[in-house]
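Notes for the one structure printed next.
The values are calculated or read from the model by the stated rules, or taken from the named source; none is laboratory data. All of these numbers come straight from a predicted model, not from anything done at the bench. Here the Cβ positions follow ideal geometry from the backbone for every residue, glycine too, while neighbour counts run over all protein chains shown.
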Amino acid sequence: MEDFFKNLGILSNGMKHFSPKETYELCQKGAIIVDVREEYMNRFKIVDVDEIIFCPGSILEENYKDLPKDKHLIFLDAVGLRSKEAVLLLKNKGFKNIANMAGGMVEWERAGLPLKIDKSERLTGSCMCMLRKRDKKGEKKKA
């Protein structure tokens, strides 16, 4: 199973990091994206791949046992920082076939890779990591 990630990505501090393009190609071969963005962030835009698991970082520690250990998992967030933390957490919990997607949703979109966009969701914020849903009056809702 470990050969699946061989000769791809960058290995740094014992962790594999893939570009969005590599991630997309690996998903077409059976890898699964684990989106660790909080729910208010993952409703607006998500990657358009065959398999995706939503497990917000805030509940990952209590729900990591529900993730498949027999699959290749690539973790994604808004910019690639919280997904890296998720990979470190799971490596310490015994997961082997896991990796981080560098750059998160920002780089996925910049690379022009497939997205599903829910235009009914209205978000606001100064950067991708600070997005908050707006109510119908245009006021920011608390996360």
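Residues in segment 1-24 that are without any contact (Cβ under 8 Å) to a residue 60 or more places away in the chain, acidic (Asp, Glu) and either exposed (fewer than 14 other Cβ atoms within 10 Å of the Cβ) or part of a loop (DSSP other than H, G, I, E, B) (or both): Asp3 only.
Kindly check whether there is at least one residue in segment 58-68 that is touching a residue at least 24 places away in the same chain (Cβ under 8 Å) and assigned to a loop (DSSP other than H, G, I, E, B). Yes, segment 58-68 contains a residue that is touching a residue at least 24 places away in the same chain (Cβ under 8 Å) and assigned to a loop (DSSP other than H, G, I, E, B). What are the residues in segment 49-97 that are among the β-branched types (Val, Ile, Thr) and within 19 Å of Met15 (Cα to Cα), if any? Matches in segment 49-97: Ile74, Val79, Val87.
Residues of segment 86-106 include at least one that is in contact with a Pro (Cβ under 7 Å, 6 or more places away or on another chain), more than 24 Å from Lys119 (Cα to Cα) and surrounded by 13 or more Cβ atoms within 10 Å (Cβ to Cβ). Kindly evaluate Ile52 against the criterion of being surrounded by fewer than 15 Cβ atoms within 10 Å (Cβ to Cβ), β-branched (Val, Ile, Thr) and at pLDDT 95 or above. No: the conditions fail for Ile52.
In segment 74-98, how many are under 10 Å from the mean Cα position of the chain (by Cα) and not in a loop (DSSP other than H, G, I, E, B)? Result for segment 74-98: 7.
Only a single item in (1) of a type outside the set (Val, Ile, Thr); (2) over 19 Å from Lys91 (Cβ atoms); (3) assigned to a loop (DSSP other than H, G, I, E, B) is not met by Tyr40, and it is number (3). Figure legend. Inter-residue proximity from segment 36-52: first residues over 10 Å from Ala78 (Cα atoms), second residues surrounded by fewer than 16 Cβ atoms within 10 Å (Cβ to Cβ) and among the small types (Gly, Ala, Ser), beta-carbon distance below 6 Å, spacing 6+ or different chains. Indicated pairs: Tyr40/Ala143.
Evaluating Asp50 against the criteria (1) over 17 Å from Gly103 (Cα atoms); (2) assigned to a loop (DSSP other than H, G, I, E, B); (3) more than 16 Å from the chain's Cα centre (by Cα) leaves one unmet condition, (3).
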